[in-house]
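Scroll down for the structure; my scribbles are underneath it.
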Amino acid sequence: MADTAAGETAGSAPAGAVRVDHLLIAGMVEKNTRVLDVGCGDGALLRLLADTLNVDARGIELSQRGVNDCVAKGLSVIQGDADSDLLDYPDDAFDYVILSQTIQATRHPSKVLANMLRIGRHAIVSFPNFGHWSIRAQLVFRGRMPVTKNLSRPWHDTPNIHFCTIRDFVELTGELDAKISRAVAIDTLGAQVRVNAPWWVWNLLGEQAVFLLKRNR
Amino acid sequence: MSTAAENQSARLREVDEPQSQVVRFEAGNALKLDAGVDLAPLTIAYQTYGALNAAKSNAILICHALTGDQHVANIHPLTGKPGWWETMVGPGKPIDTDRFFVICSNVVGGCMGTTGPASTNPATGRPYGLDLPVVTIRDMVRAQAMLIDHLGIDRLFCVAGGSMGGMQVLQWAASYPERVFCALPIATGARHSSQNIAFHEVGRQAIMADPDWRGGRYFDEGVRPFKGLSVARMAAHITYLSDGALQQKFGRKLQNRDAPTFSFDADFQIESYLRHQGSSFVERFDANAYLYMTRAMDYFDLAGDYGGKLRSAFVGAECRFCVVSFTSDWLFPTSDSRAIVHALNAGAASVSFVEIETDKGHDAFLLDIPELFATTRGFINAAARACAIA
C-alpha cells in the first residue's frame with residue numbers, strides 16, 4: 001500500500017524539489033525530537049527532517065526498494081506496513097508519528113490512526129481530499145470515478161481503498177478523541193487555503209490537507 | 001605421503017599451531033562456560049585487518065558461521081582459496097579495512113586454532129574429543145569479549161555476521177549492550193527452529209554412524225569419519241541453497257554422460273556437486289567440531305534466556321541494528337528476522353530491516369549480492385558519522 005500510494009499522490013514536485021506537503025509537515029515538527037514516518041517511501045521526508053531539524057528519524061515502508069534506498073542512505077527504516085507493524089511499538093515511543101499520503105491506502109484507517117496516537121505524542125496526517133471540487137465535478141457531471149493529476153490511477157488499479165474528505169477526517173478525529181492542534185489545506189496550486197475559512201470552504205478548495213493531532217487525554 | 005594425508009597433517013597442525021595471531025588464557029583467566037565448568041587454558045586464534053585508531057573506536061568484530069573461520073579476507077591457509085567474506089571486507093569494500101580495524105576470531109569449539117575438540121587437552125596430551133564441554137553461542141561471545149579486552153578495546157564500533165555469526169551478533173547486543181555501537185545480524189534468528197535442529201541432528205547422526213568416528217576418539221585410533229562428515233555436509237548444503245537456485249543451476253542435467261547408467265553412480269550433476277561439497281569439506285573441517293558447532297546453534301534461544309520475552313533481551317540496548325534477510329532463505333526465513341525486528345521495535349530501538357530478493361537461498365549472505373553491499377555500506381557509513389569515525 002504505502003509504496004504505491006506515495007507515488008500516486010501529492011508527488012507532483014519534480015525530482016529533487018521538496019514537496020509542498022513535506023514542507024508543511026516539517027513546519028509542524030519541533031527540533032531534536034523522535035519521529036516515525038509510516039510509509040516513508042524513498043526517505044525524502046525523513047532526510048528533510050533529519051537534515052533540517054536534527055530529528056531522530058525512523059521509518060516504515062512496504063516496498064523492498066524503498067527500504068533498501070533508505071537504509072543505503074543511512075536512515076533507520078524497516079520493511080512493514082501501517083496496518084500490522086504499529087502494534088509492536090510501545091506507548092509514547094515517539095514525539096511525532098507521521099502518515100504522509102498513506103491513510104487512504106490502509107486497510108483500517110481508524111485503527112492505524114488510533115495506534116499513531118498511542119505510540120506518538122503527536123500524529124501528523126496528510127491526505128488527498130476527496131471532497132475537492134474537481135473530484136466532486138467528475139462524479140457529478142461525468143458520472144465517472146475521479147482521476148486527477150495526483151490520483152492518476154483508475155479505480156480498479158489503485159492502492160487507495162479508503163478515500164475521505166476533510167470533513168470525514170475531522171469527524172474521525174472526534175471519534176478517536178483526538179485534538180486538532182493545527183490543520184492546513186492546500187489548493188491545486190500548492191497555496192494554503194485561507195486559515196479562517198469555514199470547513200466547507202476547505203473541503204471544496206483543499207486538494208490536500210495536513211493535520212497535526214494530539215491525544216485529548 | 002599422499003596428498004590427502006598431507007592435507008590432514010596440515011589441518012592437524014592448524015588446530016594447535018594455527019597460522020593466525022593467538023592469545024592464550026590460563027587457569028586464572030578461565031572461560032566460564034554455560035555448561036557450568038571453567039575452560040582453561042583457552043587459546044583464541046584470530047585475524048585482524050586494517051589499523052586500530054588512537055581512540056580505539058573503529059573496531060569491527062566479524063562473527064563467522066558454522067563452518068567458517070577467522071580467515072575472512074585473506075588466502076585460507078588450508079584451501080588456498082580467498083577469504084570467505086572478501087566481497088564484503090577489504091580496502092574500499094562495504095566493511096572498509098582502510099577505515100576500520102576488523103577482527104575475526106575462530107569460535108570456541110572450532111577447529112582452526114581456537115580451543116576445540118581437536119585441540120590437545122593439556123591434561124592428557126591427547127585431543128579433547130568429546131571430553132570438551134558442550135559450548136554455546138553465549139560461550140563463543142564470552143570468549144570474543146575476552147579477546148576484545150585483551151586488545152584493549154572498550155566498545156566495538158560494529159559486530160557483524162551471518163547465520164551462526166548473526167546469532168553471535170544478537171548475543172553481543174544482549175550480553176554487552178554498552179560495548180556495541182551498531183549490530184548487523186544477517187540471515188539469522190533469535191532461536192534455532194525445530195526444523196533446523198532436525199537437520200543438524202541428521203548431520204550428527206551421519207557422523208556418529210560412521211564406524212570411523214569411534215565414539216569421538218578417532219584421532220587416537222588413526223582414523224577419520226570422513227564418510228559421515230561428508231554426508232552431514234551434503235545434507236546441510238542443500239539447506240543453504242534454494243529449490244529455484246538448484247533447478248536453475250543443475251536441473252536434471254546429467255554429469256558427463258548422455259543417458260542414465262542404471263546404477264547408483266552420480267548420474268545427475270547435483271549428485272556430483274554435493275559429493276564434491278562433502279569431500280572437499282572433510283579436508284578442512286573436524287567431525288567433532290561439527291558436532292559442537294551444530295549443538296551450539298541448536299541450544300541458541302535468546303528469548304529463553306530472558307523469561308521467554310525476546311524484547312527483554314534488548315532492553316536498554318542503545319545500539320543501532322540493521323537486520324537483513326533473503327527471500328529464498330528457508331533455513332532462516334524472513335519471519336525469523338521479523339521476530340527480531342518486532343522485539344527491537346517493542347523496545348523502540350533504532351532498527352533497520354531489509355529483506356533482499358534473491359534466489360540464492362541462505363548462502364546469499366556470502367555471495368555477490370549488490371543490495372547487501374549497498375545496505376551494509378549505508379548502515380556502516382551512517383553509524384560511523386554518528387560515531388565521528390573518519
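The values are calculated or read from the model by the stated rules, or taken from the named source; none is laboratory data. Computed from a prediction, not measured in an experiment: that's the story for all the values here. Here the Cβ positions follow ideal geometry from the backbone for every residue, glycine too, while neighbour counts run over all protein chains shown.
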*Selection from the range B:148-202 of residues that are free of Cβ contacts under 8 Å to residues at least 40 places away in the same chain and farther than 30 Å from residue B:229 by Cβ*: B:149, B:175, B:176, B:179
*asked:* So the check is Cβ under 7 Å with 6+ separation or different chains; which pairs have a first residue in the range B:116-135 that's β-branched (Val, Ile, Thr) and a second one that's in a strand (DSSP E or B) and surrounded by 14 or more Cβ atoms within 10 Å (Cβ to Cβ)?
replied: B:120/B:127
*If you scan the range B:356-390, which residues turn out to be more than 21 Å from residue A:76 (Cβ to Cβ) and either among the polar types (S, T, N, Q) or touching a His at 6+ places or on another chain (Cβ under 7 Å) (or both)?*
B:358
*Evaluate the range B:224-244: report whether one residue or more is among the small types (Gly, Ala, Ser), free of Cβ contacts under 8 Å to residues at least 24 places away in the same chain and more than 30 Å from residue B:120 (Cβ to Cβ).*
no
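Only residues that are over 13 Å from the mean Cα position of the chain (by Cα) and within 12 Å of another protein chain (Cβ to nearest Cβ): list them for the range A:36-45, please.
First, the residues of the range A:36-45 that are over 13 Å from the mean Cα position of the chain (by Cα): A:42-44.
Hit for the range A:36-45 is A:43, nothing else.
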*For the range B:58-82, how many residues are in contact with a helix residue (DSSP H, G or I) (Cβ under 8 Å, 6 or more places away or on another chain) and closer than 17 Å to residue B:367 by Cβ?*
6
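When you check residue B:107 against the structure, is it surrounded by 24 or more Cβ atoms within 10 Å (Cβ to Cβ), modelled with pLDDT of 95 or more and in a loop (DSSP other than H, G, I, E, B), yes or no?
Details: surrounded by 24 or more Cβ atoms within 10 Å (Cβ to Cβ): yes; modelled with pLDDT of 95 or more: yes; in a loop (DSSP other than H, G, I, E, B): yes.
Answer is yes for this residue.
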_Subset of the range B:337-361 that is surrounded by fewer than 23 Cβ atoms within 10 Å (Cβ to Cβ) and either away from chain A (no Cβ under 14 Å) or under 20 Å from residue B:247 (Cα atoms) (or both) - its residue that is nearest to the chain's Cα centre (by Cα)_ = B:360
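Residue A:20 - would you say it is more than 29 Å from residue B:372 (Cα to Cα), modelled with pLDDT under 90 and more than 13 Å from chain B (Cβ to nearest Cβ)? Can you show your working first?
On the way: more than 29 Å from residue B:372 (Cα to Cα): yes; modelled with pLDDT under 90: yes; more than 13 Å from chain B (Cβ to nearest Cβ): yes.
Spelling it out, residue A:20 is indeed more than 29 Å from residue B:372 (Cα to Cα), modelled with pLDDT under 90 and more than 13 Å from chain B (Cβ to nearest Cβ).
In the list B:372, B:366, B:302, which residue meets the criterion of being within 14 Å of chain A (Cβ to nearest Cβ) and either among the hydroxyl-bearing types (Ser, Thr, Tyr) or under 21 Å from the mean Cα position of the chain (by Cα) (or both)?
Testing whether each residue is within 14 Å of chain A (Cβ to nearest Cβ) and either among the hydroxyl-bearing types (Ser, Thr, Tyr) or under 21 Å from the mean Cα position of the chain (by Cα) (or both) leaves just B:372.
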*Applying the selection to the range A:191-217, what residues are in a loop (DSSP other than H, G, I, E, B) and more than 15 Å from residue A:148 (Cα to Cα)?*
A:191, A:193, A:194, A:195, A:196, A:197, A:198, A:216, A:217
*Can you run down the residue pairs with Cβ atoms below 7 Å, 6 or more apart or on separate chains, where the first is in the range B:9-37 and over 20 Å from residue B:118 (Cβ atoms) and in contact (Cβ under 8 Å) with a residue 40 or more places away in the chain and the partner is surrounded by 20 or more Cβ atoms within 10 Å (Cβ to Cβ) and polar (S, T, N, Q)?*
B:34/B:136
*What number goes with the only condition from (1) at negative phi; (2) at pLDDT 95 or above that residue B:311 does not pass?*
(2)
*Count of residues meeting criterion [under 30 Å from residue B:358 (Cβ atoms) and outside any helix (DSSP H, G or I)] in the range B:218-247*: 2
_Within the range A:51-122, considering only strands (runs of 3 or more DSSP E) that don't extend past its boundaries, which have at least 2 residues that are within 14 Å of the chain's Cα centre (by Cα), more than 13 Å from every other protein chain (Cβ to nearest Cβ) and touching a residue at least 12 places away in the same chain (Cβ under 8 Å)?_
A:94-100
*Extreme residue, nearest to the chain's Cα centre (by Cα), among residues of the range A:135-154 that are surrounded by 12 or more Cβ atoms within 10 Å (Cβ to Cβ) and assigned to a helix (DSSP H, G or I)*: A:135
